[in-house]
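S.K.: First the structure, then my questions, so here it is.
The values are calculated or read from the model by the stated rules, or taken from the named source; none is laboratory data. Quick caveat, the model's predicted, so the values are computed rather than measured. As a convention, Cβ positions derive from the backbone with ideal geometry for all residues, glycine included, and neighbour counts pool all protein chains shown. Only protein heavy atoms, including side chains, enter the accessible area calculation; ligands, DNA and RNA are left aside. Shrake-Rupley method; radii C 1.70, N 1.55, O 1.52, S 1.80 Å.
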Amino acid sequence: MNAQTAQILDGKALAQRMQTELATEIQRLQAQIGRPPGLAVLMVGNDPASAVYVRNKERACEKVGIASLGQHFPTDTTQAELEQMIQTLNQDQRVDGILIQLPLPGHLDAVALLTQLNPNKDADGLHPLNLGRLVRGEAGLRSCTPAGVMRLLQEYDVELQGKHAVVVGRSILVGKPIALMLLEANATVTIAHSKTPNLAEVTRQADILVVAAGRPEMITADMVKPGAAVVDVGINRITDPSGGSRLVGDVQFDSVRRVAGFLTPVPGGVGAMTVTLLLYNTVWSYSQQR
Ligand code: NAD
């Protein structure tokens, strides 16, 4: 027996289509600009998850024709050394996008480094100027994960105007910018977080539920309004009873898919979109060189 199941928001397929389009766009622009676009990912230390993300980003760059001009620094790199590198990359004509892979080792101040970026090369949209533009609803480089979520909802014609959107999580990286983008799309937005009492009561009101809490499978079917669009931003590695490890989101996929109208899988949902929006941002900055 198979009752209604949610339509899957296939981030992987959309990401592939967008990357094919980007590759064509890069070829066209390169004929005018005379060099390929360049993205510099700065990684400090040896966090294994970060290393995987950086490798994925470099592979995606290669696929579409973006030069990877990144640097890998040892864990004991100083703030001053990184600031120096950022100044060099800000000046480097071959570099259109700069990304500081987070989290950084504890002795480094990520916010201070982000403010040193040339805002026009801020591929992750986290410079205060770009966040300010988002708050004001002005054009500018947008944070990749939230922008990827919006693009995915748009692709599947999920209606936002006048709908109630609930965002679980209020980080500057995901929760807050997503809430602002949903507001920009004329949704009525509620932001829930770790201090919100009766979370299930809040999430059950959501026509669009975006979850970015970093809590494995915390959203269960009883917390979801029938027919809602559920976007799972979480990426959590858990150990299963057999001792193996696997990735799960913040949403309990198997139960929620029987209630929701739309649902993103993990992996293959938002994560695939994030990398693609990073490429998109880099190409957008590059296109300004014409
Ligand atoms: P974070 O730890 O900075 O923020 C988590 C937020 O969730 C906080 O605002 C907190 O108040 C809220 N929260 C925590 N526990 C909660 C609870 N029990 N109930 C309600 N709210 C709760 O994390 P982040 O950087 O925003 O990332 C969130 C998740 O998204 C993580 O799993 C991360 O790995 C994932 N992520 C995925 C992508 C992607 O590309 N798919 C990108 C960035 C982050």
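S.K.: Grab the DSSP H runs of the chain that are 4 residues or longer, score each as -39,500 (n - 2.57), total them, divide by all residues and round the 222 nm result to the nearest 500 deg cm²/dmol. Write down the numbers at each step before the final one.
M.R.: Working: 10 runs with 118 residues, N = 290.
Only helices count here, giving -12500 deg cm²/dmol.
S.K.: How large is the charge dipole for segment 33-121, taken about the Cα centre, if only the Cβ atoms of Lys, Arg (+1) and Asp, Glu (-1) carry charge, to the nearest 20 debye?
M.R.: It comes to approximately 440 debye.
S.K.: Hey, with R₀ at 25 Å, roughly what FRET efficiency would residue 111 and residue 156 work out to, going by the Cβ-Cβ distance, to 0.05?
M.R.: Efficiency, from the Cβ-Cβ distance: 0.10.
S.K.: How far apart, in nm, are two points set 7 Å out from the Cα along the Cα-to-Cβ line at residue 188 and at residue 27?
M.R.: Inter-label distance under the simple model: 4.9 nm.
S.K.: Which of the trypsin sites (Lys or Arg not before Pro) across segment 105-195 are loop residues per DSSP, with 11 or fewer other Cβ within 10 Å?
M.R.: Filter output for segment 105-195: 195.
S.K.: Related question: What is the antiparallel percent of DSSP beta bridges lying wholly in the chain, to the nearest 5?
M.R.: Restricted to the chain, the bridges split so that about 10 percent are antiparallel.
S.K.: Counting alpha carbon pairs within less than 8 Å and at least 6 residues apart, what relative contact order, in whole percent, applies to the chain?
M.R.: Normalised by residue count, the contact order of the chain is 22 percent.
S.K.: Amide H neighbours of residue 41 under 5 Å, counting only residues 5+ apart in sequence or on other chains, H built in-plane at 1.01 Å?
M.R.: Long-range HN contacts for residue 41: 69, 70, 71, 99.
S.K.: For the ranges 35-42, 64-71, what's the packing order if you count other beta-carbon atoms within 10 Å of each residue, average per peptide, and put the highest first? Intermediate values should be presented prior to the final figure.
M.R.: On the way: 35-42: 21.9, 64-71: 18.6.
Ranked from most to least packed, the peptides come out as 35-42, 64-71.
S.K.: Moving on to the next point. Determine, for the chain, the count of lysine pairs separated by eight or more sequence positions (or lying on different chains) whose alpha-carbon distance falls under 27 Å.
M.R.: Lysine pairs meeting the criterion: 16.
S.K.: Let me ask you something else. Residue by residue through segment 248-263, what is 3J(HN,Hα) from phi via Karplus (6.51 cos²θ - 1.76 cosθ + 1.60, θ = phi - 60°)? Round to whole Hz and write x for glycine and proline.
M.R.: 10, x, 8, 10, 7, 4, 5, 7, 5, 5, 7, 10, 6, x, 9, 8
S.K.: Want the number for residue 16 to residue 80: 0.36 nm per residue separation, take away the alpha-carbon distance, what's left?
M.R.: Details: separation 64, 0.36 × 64 = 23.04 nm, distance 3.84 nm.
Extending this stretch completely gives an extra 19.2 nm.
S.K.: Of the accessible area of the chain, with the probe set at 1.4 angstrom, what percent is carbon plus sulfur?
M.R.: That fraction is 51 percent.
S.K.: Residues in segment 204-239, backbone N under 14 Å from the label point at residue 195 (7 Å along the Cα-to-beta-carbon vector): list them, ranges by number please.
M.R.: Answer for this model: none.
S.K.: Quick one: grab the alpha carbon gyration tensor of the chain, order the square roots of its eigenvalues as a ≥ b ≥ c, and give me rounded if a/c is under 1.5, else prolate or oblate depending on whether a/b is larger than b/c. Provide the component values of the computation, followed by the final result.
M.R.: Values: a/c = 1.73, a/b = 1.55, b/c = 1.12.
Prolate, because a/c is 1.5 or more and a/b exceeds b/c.
S.K.: Continuing with the same structure: Just to confirm a number: summing +1 for Lys and Arg and -1 for Asp and Glu over residues other than residue 6 whose beta-carbon lies under 10 angstrom from that of residue 6, what do you get?
M.R.: +2
S.K.: So how far apart, in nm, are the two label points at residue 135 and residue 72 if each is 7 Å from Cα heading toward Cβ?
M.R.: 3.8 nm
S.K.: Calculate, for residue 102 and residue 258, the FRET efficiency according to 1/(1 + (r/R0)^6) with r their C-beta to C-beta distance and R0 45 Å; round to the nearest 0.05.
M.R.: Calculated value: 0.80.
S.K.: Still on this structure, please answer the following. Which of rounded, prolate or oblate describes segment 151-217 when judged by the alpha-carbon gyration tensor and an a/c cut-off of 1.5?
M.R.: Prolate, because a/c is 1.5 or more and a/b exceeds b/c.
S.K.: Leaving out ligands and nucleic acids, and using a 1.4 Å probe, what accessible area per residue does segment 33-121 come to in Å²?
M.R.: 49 Å²
S.K.: Which longest uninterrupted range of the chain lacks any GluC sites (Glu not before Pro) assigned by DSSP to a loop state (not H, G, I, E or B) and surrounded by at most 16 other Cβ atoms within 10 Å?
M.R.: It runs 1-137.
S.K.: Classify segment 54-99 as rounded, prolate or oblate from the Cα gyration tensor: take a ≥ b ≥ c as the square roots of its eigenvalues, call it rounded if a/c is under 1.5, otherwise prolate when a/b beats b/c and oblate if not.
M.R.: On the way: a/c = 3.84, a/b = 1.48, b/c = 2.59.
Verdict is oblate for segment 54-99.
S.K.: Counting DSSP beta bridges in segment 172-287, what percent are antiparallel, to the nearest 5?
M.R.: Here the share of antiparallel DSSP bridges comes out near 35 percent.
S.K.: State which helices in the chain qualify, where a helix is a whole DSSP H run, it must extend 15 Å or more along its own axis by its Cα atoms, and its mean Kyte-Doolittle hydropathy must be at least -1.0.
M.R.: Result, helices passing both filters: 11-33, 48-64, 79-91, 144-155, 270-287.
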